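For reference, the structure discussed in these notes is given below.
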Amino acid sequence: MDSFEVNQKNLKPLLERFQSKGIQNLINGVSVPSSSGETFDNFTPVDNSFICTVAKGNAADIDKAAISAKEAFPAWRDTDPKARKKILHKIADLIVSRAEEIALCESWDTGQAIRFMSKAALRGAENFRYYADIAPQARDGKHLPSPTLMNITTRVPIGPVGIITPWNTPFMLSTWKIAPALAAGCTVVHKPAEFSPMTASLLLEIAHEAGLPPGVWNLVNGLGEEAGVALTEHPDIKAIAFVGESRTGSAIMRQGADTLKRVHFELGGKNPAIVFDDADLDRALDAVVFMIYSLNGERCTSSSRLLVQSSIAEEFTSKLAARVRNIKVGNPLDPKTEVGPLIHKIHLDKVLSYFQVARDEGATIEVGGSRQGQEGCYVQPTLLTDATEDMRISREEIFGPVLTVIPFGTEEEAIWIANDVRYGLTGYVWTNNLARSLRVSNALEAGMIWVNSENVRHLPTPFGGIKDSGIGRDGGDWSFEFYMEQKHVGLALGNHRIPKLGISGNQ
Ligand code: NAD
């Protein structure tokens, strides 16, 4: 049996389990159906076959979950951080021990290739370990002495928080949000994306097995416009950490206004990879291909625009086209597969619609540009050339394996094109000129910039975007800043003068 067959064989019992039980909500440590009894169906994009039913949570379920998170909050907040650390490490251990199961389910549910999902599962464990280790310092503060007072600061967890995640790499992204929230001492209500609910339920199963007290982390499945809206409007939920589309972020901001929600948004991107003619072009080529065609291009940090200097544009693009033609599209459980099916028929149609847009705008479809096969949500890895920066294919987030190539002449022009979009998540700069790399990094309007590198995540660094790509940062202590409130305490050092009011004759 080759490893593709082994993966198929190992997935079978997991699917049978999901099929027989369906996916329930998990509130106060108990697995429950939705209060209405309603469910929705979950399908795999591999062949659009049915996977399982999923509880369709509504406002009543969100209310129960929020109350459960509220009741569990004081005890979790006051738990010795070392005990929290131990539980979070145990969650990480269990993720590692079930990494294969998680990766298989994630691949089947999302269409993401197993070669990337195995690593994503392990990265989820790393997220828990990292925040487990820094949990004991989450409340640390400053000493800011003044002549009369010893001023100290501390941080306290904000309270129960809502976490809303998207369908691209849902497991990894959930851990990224939930681990720091728990480490900070917050309790959680999680609403995963309706297109990919499988691994969120595995993750919570693991958390309870690791000894997480009931109510500290609750899961409500459901649609964005129903369960998602209710979560963002709930008065007991103090903050919303959201990953998803920019326009959903705007909606959440409106929905949360009445209850003055604190929000953290990680939104869309149209990130440029800028390749100058003095770069190491072989490495640049590897990175450009990897950063758009890995994870099916369904990646917020994907380099979906290639800005290439005119002097090397022809040669670089022709090498690029050869690589794109060679990318292996196939069943995501096959370890050889590089690009799997897109998440859902609706998203497939959106990505396909951009091929017509490209034609209408006068760009050239150099490679790909069609659906692949008739079964499942497969699309050909696509390269669009002869594009200009004002085209929709150069400005809108397509969120698929589609790269738009835009040539530029000078450094100033590259910066201008790179910045002339509504998004500002990442930028990738390829040059061997140190001063130029500094100038361009400084001028790019983006939250994260990599020079001569693909996106390599280092957990202590800030992750997030500017402009329409987001508000706030994840990573390191930045996550604690979001999930915690600052508190100042001033202690008098002696008998400093206090102004006296209400004493007659006192002027
Ligand atoms: P989406 O915005 O459609 O959905 C994300 C989540 O929000 C889902 O759980 C959905 O049910 C919920 N939702 C939808 N409407 C809601 C509402 N009105 N109120 C509350 N919740 C609601 O996004 P998607 O299509 O699932 O994910 C793809 C998007 O996510 C892309 O734009 C991508 O760039 C972005 N993303 C960004 C990052 C980042 O770090 N910046 C990371 C991953 C994905």
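The label point for PHE50 and the one for ASN495, both projected 7 Å from the Cα toward the Cβ, are 8.2 nm apart.
Loop-located trypsin sites (Lys or Arg not before Pro) in the stretch 84-180 (DSSP state not H, G, I, E or B) with no more than 11 neighbouring Cβ atoms inside 10 Å: LYS142.
Starting from the Cα gyration tensor of the stretch 178-235, take the square roots of the eigenvalues, sort them a ≥ b ≥ c, and report rounded, prolate or oblate (rounded when a/c is under 1.5, otherwise prolate if a/b is larger than b/c, else oblate). Oblate is the answer for the stretch 178-235, as a/c is 1.5 or above yet b/c matches or exceeds a/b.
A dipole drawn for the chain from +1 and -1 charges on Cβ atoms has a positive end, and of HIS496, SER68, PHE482 the residue lying farthest that way is HIS496. In loop segments of the stretch 336-379 as defined by DSSP, the trypsin sites (Lys or Arg not before Pro) with at most 13 further C-beta atoms inside 10 Å of their C-beta are LYS336.
May I ask you to work out the translational diffusion coefficient for the chain at 20 °C, viscosity 1.002 mPa s, via Stokes-Einstein with Rh from the Kirkwood sum over Cα pairs, reported in whole µm²/s? Rounded to a whole number, D works out at 89 µm²/s. Relative to the longest principal axis of the Cα atoms of the chain, the long axis of helix 198-209 lies at roughly 40 degrees. In the chain, helices alone account for a calculated mean residue ellipticity at 222 nm of -13000 deg cm²/dmol, with every DSSP H run of four or more residues adding -39,500 (n - 2.57).
Distance from the C-alpha centroid of the stretch 250-327 to that of the stretch 111-149: 26 Å, rounded to the whole angstrom. Shape class of the stretch 272-451 from the Cα gyration tensor (axes a ≥ b ≥ c, square roots of the eigenvalues): prolate, since a/c reaches 1.5 or more and a/b is larger than b/c. Indicate the gyration tensor shape class of the stretch 442-507 (rounded, prolate or oblate), computed on the Cα atoms with a ≥ b ≥ c the square roots of the eigenvalues: a/c under 1.5 is rounded; otherwise a/b larger than b/c is prolate and the rest oblate. Cα axes put the stretch 442-507 in the prolate bin. Shown for the chain: the carbon plus sulfur share of the solvent-accessible area, taken with all protein chains present and a 1.4 angstrom probe, equals 53%.
Please list, by residue number, every one of the trypsin sites (Lys or Arg not before Pro) in the stretch 292-328 that is coil in DSSP and has at most 13 other beta-carbon atoms within 10 Å. Answer by residue number: LYS328.
Each label point was placed 7 Å from the Cα along the Cα-to-Cβ direction; for ALA321 and LEU144 their separation is 6.0 nm.
The values are calculated or read from the model by the stated rules, or taken from the named source; none is laboratory data. All values derive from a computational prediction rather than experimental measurement. In this analysis, Cβ positions are derived from the backbone assuming ideal geometry, glycine residues included, and neighbour counts consider all displayed protein chains. These area figures cover heavy atoms from the full protein model, side chains too; ligands, DNA and RNA do not enter into them. Shrake-Rupley method; radii C 1.70, N 1.55, O 1.52, S 1.80 Å.
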